[in-house]
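The numbers here are math on the coordinates, done by the rules we state, and not lab data. Keep in mind the model is a prediction, meaning the values are calculated, not measured. All Cβ positions, even for glycine, are placed from backbone atoms using ideal geometry, and neighbour counts span all protein chains on display.
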Amino acid sequence: MIVGKFCTNCGTEVTGKFCANCGHPVGDVPDKAPAPVPQETLNGVTFDPVPIFAAHKGLMGRIQIATEIGNLTRARPKEIATFVDEHYKDPVFMKCVADYQTPQEERVEEEIPPLVCPACKSTDIEFQKKGYGFGKGLVGAVLLGPLGALAGGIGYKDVECLCRRCGNRFTPKKK
């Protein structure tokens, strides 16, 4: 009778605590303990700063972090600024922030319904950028002089939709 250890992951015979083939732990190797949630105390209030830091990014994020921590702890602005700066400088803490997934990130994105023509309900839509309006520019130039010609640029970024099925032109609704 052959007695030996076999990897539960790939089935290879194992002599140590880890499979030489796939690296999977074998036998009585305890699983890695979950990392403790880092609790911080500021102004007598204990809280987990990781979700706060993970929810806000960039320069404005730093301000939002300080505001949120200030609302939570009622600490003085100088204490909050020091707290935030120290945590931004801590690479271990910032790794925790990078690994943290907010509940919003875990959610599956809802599918956006396709744009349809209001006249015929077709989804065969062509998008066109409006651009400079020569009519508006001409009227502006007559009424206000050379500076009035700038009026032709009003709405130049707007998008207009053209239905390829019925020829209807419409502006998509903004949400």
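Odds and ends about this structure:
- Other residues with beta-carbon under 14 Å from the beta-carbon of GLY167 carry, at +1 per Lys or Arg and -1 per Asp or Glu, a net charge of 0.
- Cβ-to-Cβ counts within 10 Å put ASP99, ASP48 in ascending order as ASP99, ASP48, the fewest first.
- Label-point separation in nm, LYS173 to CYS120, each point 7 Å along Cα→Cβ: 2.2 nm
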